[in-house]
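The values are calculated or read from the model by the stated rules, or taken from the named source; none is laboratory data. Remember, predicted model here, so these are calculated numbers, not experimental data. Every residue, glycine among them, receives a Cβ derived from its backbone with ideal geometry; neighbour counts consider all protein chains shown. Keep in mind that these areas ignore ligands, DNA and RNA; they rest on the heavy atoms of the full protein, side chains included. Shrake-Rupley method; radii C 1.70, N 1.55, O 1.52, S 1.80 Å.
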Amino acid sequence: MNRVQNFIDGQFVDGSEPDFENRFPATGEVVSAVSCAGQDEVDRAVRAAKKALTGPWGKMSVAERIALLRKLADGIQARFDEFLSAEIKDTGKPISIASHIDIPRGAANFNVFADQIATVSTETFQMATPDGNGALNYALRMPRGVIGVVCPWNLPLLLMTWKVAPALACGNTVVVKPSEETPTTATLLGEVMNAVGIPHGVYNVVHGFGGGSTGEFLTSHPDVDAITFTGETVTGEAIMAAASNGVRPVSLELGGKNPAVVFDDADIDATLEGLGRSCFANTGQVCLGTERVYVQRGIFDELVEKLGAKAKAYKFGDPFDKATGMGPLISAEHRRKVLGFYDKARADGATIVAGGGVPDVDGFPGGYWVEPTVWTGLSADSAVVTDEIFGPCTHLMPFDDEDEAVALANASPYGLAASIWTTNLTRAHRVAAQVDSGITWVNCWFLRDLRTPFGGSKRSGIGREGGIHSLEFYTELRNVCIKL
Ligand SMILES: NC(=O)c1ccc[n+]([C@@H]2O[C@H](COP(=O)([O-])OP(=O)(O)OC[C@H]3O[C@@H](n4cnc5c(N)ncnc54)[C@H](O)[C@@H]3O)[C@@H](O)[C@H]2O)c1
Ligand SMILES: N/C(=C\C=C\C=O)C(=O)O
């Protein structure tokens with residue numbers, strides 16, 4: 001697909017704004033032109049979504065919607081290689097990640113919420129009444145309507161379908177604004193939507209940018225009934241403000257600065273395997289990644305040395321090569337941001353255990369490459385330790401006792417994810433209950449049961465996604481009280 005169009009009311013259409021370029025992050029080369037939606041196209045998409053609510057889609061039974069969601073999962077699976085190639089060209093992420101995480105989860109998300117909507121219940125209450133005949137209360141679970149979906153670039157298909165699947169399962173319609181960095185799989189999904197028979201207007205895609213552009217046109221549109229957003233905290237604040245004009249519910253999955261706490265009784269090999277992924281997977285561009293590691297003093301030097309060796313062992317290269325372990329960052333702009341933190345760490349006197357610079361990658365000179373980096377020696381208030389970097393880098397700091405570790409882990413305005421590494425499971429339960437994060441892993445990382453509540457505390461977000469929690473956001477409960 002070397003020109004990516006908008007998808008409105010079942011049609012692939014051009015936007016009224018000038019096209020923008022889509023670059024392959026491993027080479028910096030332009031791989032496609034993207035049609036940019038203006039206010040008119042956003043209006044058309046919202047109008048189509050609203051109209052679809054009262055058409056065949058709005059009249060469908062839950063069973064009919066479930067059957068269509070399963071066809072969408074099958075449709076993605078059937079075109080796995082096209083989705084895979086598109087996602088790699090948009091993100092530069094290695095095929096080993098995109099083929100095992102991004103595309104399989106794109107299909108799984110539709111099946112998970114087909115399962116969820118099939119079994120969700122609502123409540124009833126019988127009540128006594130003065131005349132003795134009683135009354136029955138029952139709740140109706142209704143779709144909210146048109147959902148504005150605004151997505152980030154790090155896991156494009158996964159995170160978009162993580163929202164679209166439950167929204168459709170609940171009978172809503174959606175207008176999706178993918179990241180300008182990663183437009184392709186959202187438009188490709190439009191082809192699958194038409195192929196499986198999703199009625200026109202149920203799923204719409206408008207491409208463009210954020211403030212003053214497509215994203216803002218969507219989130220401030222008066223006919224959007226709810227907004228679900230994943231992205232930076234500062235963007236979440238802007239979207240929350242836009243949503244308040246019309247009083248729409250928002251679901252915000254935002255930034256993080258996630259800690260790992262490693263006690264001296266941890267299984268070192270398992271810890272290194274877990275931290276090797278949580279610090280560096282997807283070139284550190286995972287909201288749940290670990291950018292702060294607190295290590296009990298007795299094993300600090302060993303862990304620093306071994307994690308540094310893991311960072312140095314990563315193999316850069318062609319993202320389409322199965323042997324490639326690390327890809328580039330998403331863009332030149334994001335690389336400037338990450339390298340700015342690399343410079344800041346150096347200026348603040350960090351000990352650079354591994355990395356800290358830009359690698360030479362044979363055959364890919366124009367890519368947005370950075371070295372996986374491990375630091376020690378910075379103070380707790382260094383920007384490198386407090387601010388989200390969203391790159392393949394982490395800082396390790398020693399601690400002596402459990403209370404100190406908990407205090408260090410919680411010393412952040414964010415509260416998205418954490419990991420605890422210890423073989424003392426009594427301590428694991430005790431510490432997990434004290435860490436201010438939406439999700440805490442113990443002796444593992446990124447193990448995901450899609451029925452569980454997923455979301456951030458503090459400045460990492462509002463609301464929870466996953467299982468029934470997604471259905472609670474994409475439906476509104478109405479109570480009916482009937483006199484018997
Ligand atoms: N909590 C989570 O589940 C989760 C998951 C993935 C990424 N993230 C976070 O996302 C960030 C990286 O993604 P990003 O750089 O794409 O985030 P971003 O906030 O820069 O952009 C996200 C999306 O919002 C749009 N946007 C930007 N400004 C807007 C505005 N004013 N109004 C409407 N839309 C606007 C962008 O065009 C893009 O589509 C990181 O902070 C990461 O932690 C969080
Ligand atoms: N929301 C999810 C992952 C988020 C990853 C952040 O980069 C998920 O696994 O459902």
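Taking a Cβ cut-off of under 12 Å around P413, the surrounding Lys, Arg, Asp and Glu residues balance to a net charge of 0, with basic ones at +1 and acidic ones at -1. Using θ = phi - 60° in the Karplus curve 6.51 cos²θ - 1.76 cosθ + 1.60, the 3J(HN,Hα) couplings for the stretch 134-140 round to x, 8, 10, 9, 9, 9, 10 Hz; x is entered for Gly and Pro. Based on Cα contacts under 8 Å between residues 6+ apart, the stretch 258-449 shows a relative contact order of 30 percent. Taking all protein chains together and rolling a 1.4 Å probe, H429 ends up with roughly 140 Å² accessible. When you filter the chymotrypsin sites (Phe, Trp or Tyr not before Pro) in the stretch 414-467 for DSSP loop state and at most 13 other Cβ atoms inside 10 Å of their Cβ, nothing is left.
In the chain, the DSSP-assigned H stretches of four residues or longer account for a calculated mean residue ellipticity at 222 nm of -11500 deg cm²/dmol, using -39500 (n - 2.57) per stretch and the full residue count as denominator.
Local charge for E472 was computed over the other residues whose Cβ lies under 12 Å away, with Lys and Arg +1 and Asp and Glu -1, and equals +1. Cross-link partners for K344 among the lysines, with Cα-Cα distance under 22 Å and sequence neighbours closer than 8 places in the same chain left out: K257, K312.
Magnitude of the charge dipole for the chain, about its Cα centre and with charges confined to Cβ atoms of Lys, Arg (+1) and Asp, Glu (-1), is about 1240 debye.
Counting only DSSP beta bridges whose two residues both lie in the stretch 258-449, roughly 10 percent are antiparallel. Of K315/K458; K51/K177; K310/K458; K50/K71; K177/K310, which pairs sit farther than 28 Å apart, going by alpha carbon to alpha carbon? Flagged as over cut-off: K315/K458; K310/K458; K177/K310. For R65, neighbours were defined as the other residues whose beta-carbon sits under 12 Å from its Cβ, and their charges (Lys and Arg +1, Asp and Glu -1) total +2.
Label zone of D449 (point 7 Å out along Cα→Cβ, amide N under 17 Å): in the stretch 159-195 this covers no residue at all.
If the segment from E404 to F125 were pulled out straight at 0.36 nm per residue, it would be longer than the present Cα-Cα gap by 95.6 nm. Database remark: amide H of Q11 closer than 5 angstrom to no amide H (H placed geometrically; neighbours at sequence offset of 5 or more, or on other chains; Pro and chain starts carry no H). When Rg and the Kirkwood Rh are both derived from Cα coordinates, the Rg/Rh ratio for the chain amounts to 1.00.
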